Amino acid sequence: MISGSVLLNAFITLAIAALICWLVWWLIGYMALPEPFNKVLRVLVAIIAVIFLINFLLSFAGHPFIRW
C-alpha cells in the first residue's frame, strides 16, 4: 500500500518535471531558431521527458529504467 505522503511527493516531483519540460519547450519556441535546429531540440526535449516519465512510473514497480 502506498501512503499519502509518497503519493504527494510523487505528484510534486511530476509537476516540477512537467513545468521544467514546458518551460524548455516554450523557450525553444521563443528563441525562433532555424527549422532543423528547432525540430531537433524539440524532439530531444520530448525524448528526455518520455524517458523521465517511464523511469518515474517503473520506479513504483521497483524496477527503474535508469538509476540516477
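FYI, it's all coordinate maths here, none of it is from the lab. Since we're looking at a predicted model, the values are computed, not measured.
Side notes on the structure shown:
- Per-residue HN-Hα couplings for the range 60-66 [Karplus 6.51, -1.76, 1.60; θ = phi - 60°; Hz; x = Gly/Pro]: 5, 7, x, 10, x, 5, 10
- Length gained on full extension, Ile12 to Leu53: 13.4 nm, using 0.36 nm per residue less the C-alpha separation.
- Segment Ser5-Ala61, extension gain: residue separation times 0.36 nm, minus the distance between their alpha carbons: 18.4 nm
- Treating each Cα of the chain as one equal point scatterer and applying the Debye formula with no solvent, the log10 of I(q)/I(0) at q = 0.15, 0.20, 0.24, 0.28 Å⁻¹ comes out as -0.59, -0.85, -1.04, -1.21.
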